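For reference, the structure discussed in these notes is given below.
Only the coordinates and a few stated rules stand behind these numbers; no lab work does. These figures come from a predicted structure and were not determined experimentally. Here Cβ is always computed from backbone atoms with ideal geometry, including for glycine, and neighbour counts include all displayed protein chains.
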Amino acid sequence: MAGPLFRAPILWAAELPFVRRLAQEGGLARRVALRFVAGERLDDALHAAGALNARGIGAMLDHLGENIESPEQASAAADAYVLALKRIQEVGLSDANISIKLTQLGLDVSPDTCLENASRVLEAAGSTLVMIDMEASAYTERTLNFYRDLRKDYSNVGVCIQAYLYRSADDARVLAREGATVRVCKGAYLEPPSVAFPKRSDVDRNFARLAASLLSAGCILHLATHDPRLIDGARRFVEVRGIPMQQFEFHMLYGIRRDLQEKLSAEGYNVRTYIPYGDQWYPYLTRRLAERPANVWFFLANLLRRKG
Ligand code: FDA
């Protein structure tokens, strides 16, 4: 995870209209996005999921989109998930579930809209797991409250917490008591030091602490990271504590550290790849670029090559 000093200007610049236009002109950003996104169509995601399943790796589909502003768009996003769930069954994928964002289902429109759409997706999911992504810190409290409301009626729902937030230690304690299915990630948004650890080493330490406490409490845990040190630490922890393999999965993003995904899977660990798809890939792409200086150089080198 690049620090806020690197990420802030990248995320800020990416939002400037002329940068967005320049980046998308000629489809360059789209081509770069295809490194991290399975494609714009559901079939692209199903195809990617099928290929992963064939190699013993699970899939988690993410229909891209966030901060939706109208009830119609929110309802359309829920429709897209219902369709994805139906198609997962139809094509007979052996191991695929989904991940949703509440702002995509109408959290900014109204609580009722969001609850109605999320409930519709969960109803359609049946016993398939639906994970709730965690977005920027302005949504953390509402996301956890929504998760709890949904959990009253649906057992197939889980939620993500972010290791960079100070509050996550308390959230993890409550989620542990509730026996939740939890994803722990480092956190991908730009947050001020008033709510999030500015130093990478503190985020990493907190990730390890959160994972250890949730595993010790018996929660089903998704370790969402590509960080080899955290992965090795988790492996040692589960071995020493005798934590069963069914209690945790290693989760990574489509297009990142495929070698590590395959290695862990070959060693018998449960591994799942988060597969984004859809045409709303720009915010997702900018977060992936901002995470790693090398990605920005790769992007700029392509841009200059085109201009030269
Ligand atoms: P870190 O950034 O330290 O990277 C470790 C190594 O991974 C790097 O050295 C590099 O090799 C590789 N790597 C990481 N990012 C890369 C990139 N963009 N390009 C190329 N290589 C890269 N965040 C959030 O706020 N809410 C959420 O709901 C989720 N959900 C989620 C699900 C899953 C399955 C994953 C894997 C991640 C998320 N995230 C997320 C994103 C997460 O918070 C974080 O931003 C990224 O995973 C990068 O952090 P790492 O833990 O990989 O460590």
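Quick look at the values:
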| read-out | value |
| --- | --- |
| Added length on full extension, which subtracts the Cα-Cα distance from 0.36 nm per residue, Ser201 to Glu72 | 42.2 nm |
| Residue (of Gly92, Gly39, Val19) at the positive-pole extreme of the stretch 1-101, dipole from beta-carbon charges | Val19 |
| Computed FRET value (nearest 0.05) for Glu116 with Glu239, which takes r as the C-beta separation and R₀ as 51 Å | 0.70 |
| Straight-distance crosslink candidates among lysines, where the alpha carbon sits under 16 Å from Lys199 and sequence neighbours closer than 8 are dropped | Lys186 |
| Extreme residue, positive dipole direction of the stretch 104-242, given options Leu144, Val182, Leu115 (C-beta unit charges) | Val182 |
| Spacing of the two label points (7 Å from each Cα toward its C-beta) at His47 and Ala8, in nm | 4.2 |
| The chain: calculated mean residue ellipticity at 222 nm from DSSP helix runs of at least 4, using -39500 (n - 2.57) | -16500 deg cm²/dmol |
| Potential lengthening between Glu178 and Arg20 on full extension [0.36 nm per residue; Cα-Cα distance subtracted] | 52.6 nm |
| Positive-end residue, the chain charge dipole about Cα centroid, Cβ charges, pick of Ile220, Ala77, Ser265 | Ser265 |
